[in-house]
Amino acid sequence: MRSLKNINIKKSIQTKRLIFDENWYDKSDTYFQYFFYLTLIFFPILAIKSINPSKQNSGFEYAIFFIPMIVGLYSLYSKLSEKKLKEIKFTINKEEAIARILEYGKKDDYRISKIGHNLIYLNEWTGEVSHKVRERTIIIFFTESSILYTLIKEGMRMNSPVLINQHIVRIELKKLLK
């Protein structure tokens, strides 16, 4: 399970990257996932090179190998950019933005953890594969005229990247802060 200990709020806001103390397990998990996604990209490339284009069903063969390659590329991109903070600007004052985010969290049944004046966690339980503890956390930093946020998924064995939900949350937060 990932632990987000000692988040450096000021440095995270300045660099627009999530800065926290990672333990050895989190680092090894990240490198294992890089290796896995690179393998998912590399082996289909080798297989595509061995396809005989003169066969009649070669289009189907290309599709079979192309799909895992695309999934691997997107998963690798998501994992590489998981700590990058995305920015949403707003014109309302900061206290109103905080209030709206907290109301959004309550409405959508997030477990809200307000760490500091400029940081809020919105935790959502996801029982995706099993009923083990799995959470998706939206980490939101506040500046005077914008929020910086990222989504992190926590799991029992592997902290896989958030693939689709990050786009849905971005749209919802933009609507919320208009």
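What net charge is computed for the residues neighbouring Arg111, neighbours being all others with C-beta under 9 Å from the C-beta of Arg111, Lys and Arg scored +1, Asp and Glu -1? Please report the intermediate quantities before stating the final value.
Numbers: positive: none; negative: Asp109, Glu124, Glu135.
Around Arg111, the surrounding residues sum to -3.
With r as the distance between the Cβ atoms of Leu80 and Lys49 and R0 = 30 Å, compute the FRET efficiency 1/(1 + (r/R0)^6) and round to 0.05.
Values: r = 26 Å, r/R0 = 0.85.
With a Förster radius of 30 Å, E is 0.70.
Out of [x] 12.5; [y] 16.7; [z] 10.9, which label holds the value of mean projected area of the Cα convex hull in nm² that was computed here?
Checking each listed value against the structure points to [x].
Could you check the simple spin-label distance between Asn123 and Lys174, using points 7 Å along Cα→Cβ, in nm with one decimal?
Spacing of the two 7 Å Cα→Cβ label points: 3.0 nm.
Go through Gln14, Tyr62, Leu177 and say which Cα lies farthest out towards the positive end of the charge dipole of the chain; charges sit on Cβ, +1 for Lys and Arg, -1 for Asp and Glu.
Most positive-ward Cα: Gln14.
If I take R0 = 41 Å and measure r between the Cβ atoms of Asn23 and Glu95 in this structure, what FRET efficiency does the formula 1/(1 + (r/R0)^6) give, to the nearest 0.05? Don't jump to the answer; show the numbers that get you there.
Details: r = 35 Å, r/R0 = 0.85.
Between Asn23 and Glu95 the formula returns 0.70.
Given a 1.4 angstrom probe, what's the average accessible area per residue across the chain, in square angstrom?
60
Where a Cα-Cα gap under 19 Å defines reach, which lysines qualify for Lys174, not counting those fewer than 8 residues away within the same chain?
Lys16, Lys84, Lys86, Lys89, Lys94, Lys106, Lys107
Based on the mean of other beta carbon atoms within 10 Å per residue, what is the order of 142-152, 27-37, 116-126, most packed first? Walk me through the numbers on the way to the answer.
Details: 142-152: 18.4, 27-37: 14.4, 116-126: 16.3.
Descending packing order for the listed peptides: 142-152, 116-126, 27-37.
I need the calculated FRET efficiency for the pair Ile164 and Thr15, taking r as the beta carbon distance and R₀ as 25 Å, to the nearest 0.05. Numbers along the way, then the final one.
Working: r = 26 Å, r/R0 = 1.05.
For Ile164 and Thr15, the calculated efficiency is 0.45.
Please tell me the relative contact order of the chain in percent, rounded to the nearest whole number, where contacts are Cα pairs under 8 Å and at least six residues apart.
Working: 249 pairs, mean separation 40.9, N = 178.
Once divided by the residue count of the chain, the mean separation gives 23 percent.
The values are calculated or read from the model by the stated rules, or taken from the named source; none is laboratory data. Just so it is clear, the model here is predicted, and its values are computed rather than measured. Ideal geometry is used to build each Cβ from the backbone, glycine not excepted, and the neighbour counts take in all protein chains shown. Surface areas here come from the heavy atoms of the whole protein model, side chains and all, with no ligands, DNA or RNA. Shrake-Rupley method; radii C 1.70, N 1.55, O 1.52, S 1.80 Å.
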